[in-house]
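See below for the structure under consideration.
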Amino acid sequence: VLKLPVGVSMYKHNSKLVSLTGDRPTGHLHLGHLVGSLRKRVEFQETYNQFIMIADTQGISSSLNPDLVAVNIKQIMTDYLSVGLVPEKNTFFVQSTIPSLCEITSYYLNLVTLSRLQRNPTIKQESAEKGYEESMPMGFLCHPISQAADITAFQTDVVPAGEDQKPLIEQSNEIVDKFCNLYGDGVIKRVEIIYGNTARLLGIDGQAKASKSLNNAIFLTDPPEVVKSKVYSMYTDPNHIRVSDPGQVEGNMVFHYLDAFYDNYAELEQLKADYRKGGLGDTSVKAILYQVLEEVLEPIRERRQNITNFVIDEILHLHWYKANSIASQTLSNIRSAIGIYSLNTN
Ligand code: ATP
Ligand code: MG
């Protein structure tokens, strides 16, 4: 089924700009991924040379269960294909299968200070969520560095991602600047983050972010009855007790999700006005949201039916060669720029 070149000795980037994103295989993808990143990736696959990485090495630093990671890789690949990402237009790969990334990371470790990592807002936030305090693993603390290795290894121009990734992109660019200062320009490059239409989708419980590990998300795999019960349990306005009470739209998850997914803007503005005035009950708005989400999720469920583990294995095998070639090439350039000793094999 797959029409991909095999047996090519060395892949070179064509003139297209490069897009790269990654997801930790810590569970199924959810609506936050869809609006924060996946929809942009579907758009970008048409014009960018797009790489999509399953960040298992990084996943191990947070979930610490390699058996689960293997299963989750299949799940995430299924999620990618089910939203309309196609193997002919993307390069899918698993982070741990590209050894150059670890070596690049080890050189970058010298370009970042401990205090800089400890001040990274994403690290601070995720560490608080995980309750690490003094027992933070180094692998977790250093993940902004390994992420810079991932980004730069593929000569990435853009990363379509959510707002939580901004500090990590800044960290990558700082590493690039430092590297260029020390070892010269033209080996690795700065990158730009591009947000989806919702830079941060909040949790159904009203928490700062819908996330796999906080289990406060609607997953792409949730069946209709689960979507329904999640929508009906959503955090709304606690002071909107009777239908006739005026309600608050801000901080109300039902409206936050409608903002992200409902494309009938005129109707949405009317709903907000009615809710604010009083007379529109939570149950009625939730029924609308449920319908809107079902329209988003139904085609995704349908595509999922045809994806087998065999197809996933085949894609990962075929795409590995290209990903590995490009990362090795960058590593080789980095080694030369730094002046790392290399054995003369002639
Ligand atoms: P974990 O809880 O394991 O960190 P996660 O749900 O945060 O999982 P990641 O794998 O960390 O998911 O993120 C993958 C990509 O999806 C990143 O680009 C991230 O910015 C984006 N993303 C994740 N959650 C959201 C969200 N709630 N809103 C917008 N973008 C999101
Ligand atoms: Mg995350």
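The values are calculated or read from the model by the stated rules, or taken from the named source; none is laboratory data. As the structure is a prediction and not an experimental result, all values here were calculated from the model. Glycine gets a Cβ as well: all are built from the backbone with ideal geometry, and neighbour counts include every protein chain shown. Only protein heavy atoms, including side chains, enter the accessible area calculation; ligands, DNA and RNA are left aside. Shrake-Rupley method; radii C 1.70, N 1.55, O 1.52, S 1.80 Å.
Tabulated data for the structure shown
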read-out: Region 101-188: radius of gyration and largest Cα-Cα distance (Dmax), Å; value: 13.1, 40
read-out: Size of electric dipole in the chain: Cβ of Lys, Arg +1 and of Asp, Glu -1, about Cα centre, debye, nearest 20; value: 640 debye
read-out: Mean Kyte hydropathy of 0.0 or more with a Cα span along the axis of at least 30 Å, helices from DSSP in the chain; value: 309-338
read-out: For the chain, the spread of Cα positions along each principal axis, largest first, Å; value: 83, 50, 37
read-out: Carbon plus sulfur fraction of accessible area for the chain, probe 1.4 Å, in percent; value: 53 percent
read-out: Convex hull volume per residue in cubic angstrom - Cα atoms of region 226-329; value: 153 Å³
read-out: Entries of LYS230/LYS277; LYS166/LYS230; LYS74/LYS230; LYS166/LYS189 with Cα pairs more than 22 Å apart; value: LYS230/LYS277; LYS166/LYS230; LYS74/LYS230
read-out: About the Cα centre, charge dipole magnitude for region 55-151 (Lys/Arg +1, Asp/Glu -1 at Cβ), debye; value: 220 debye
read-out: Solvent-accessible area per residue, Å², over region 53-196 with all protein chains present [probe radius 1.4 Å]; value: 41 Å²
read-out: Most positive-pole-ward Cα, THR221, VAL243, TYR232, against dipole of region 166-244 from beta carbon charges; value: VAL243
read-out: Long-range HN-HN contacts of LEU220 with modeled amide H, under 5 Å; value: LEU29, HIS30, LEU31
read-out: All Cα pairs of region 288-337, percent lying beyond 13 Å; value: 72 percent
read-out: Within-15-Å neighbourhood charge of TYR275 [Cβ basis; K, R +1; D, E -1]; value: -3
read-out: Cross-link table LYS16/LYS178; LYS130/LYS209; LYS178/LYS322; LYS16/LYS212, entries beyond 24 Å C-alpha to C-alpha; value: LYS16/LYS178; LYS178/LYS322; LYS16/LYS212
read-out: The chain - percent relative contact order, Cα under 8 Å, separation 6 or more; value: 24 percent
read-out: Unit charges at the beta carbon, dipole of region 240-346: most positive-side option, LEU280, TRP320, PHE255; value: TRP320
read-out: Whole-Hz couplings from phi, Karplus 6.51/-1.76/1.60, listed for region 202-210; x for Gly and Pro; value: 6, x, 5, 8, x, 5, 3, 7, 5
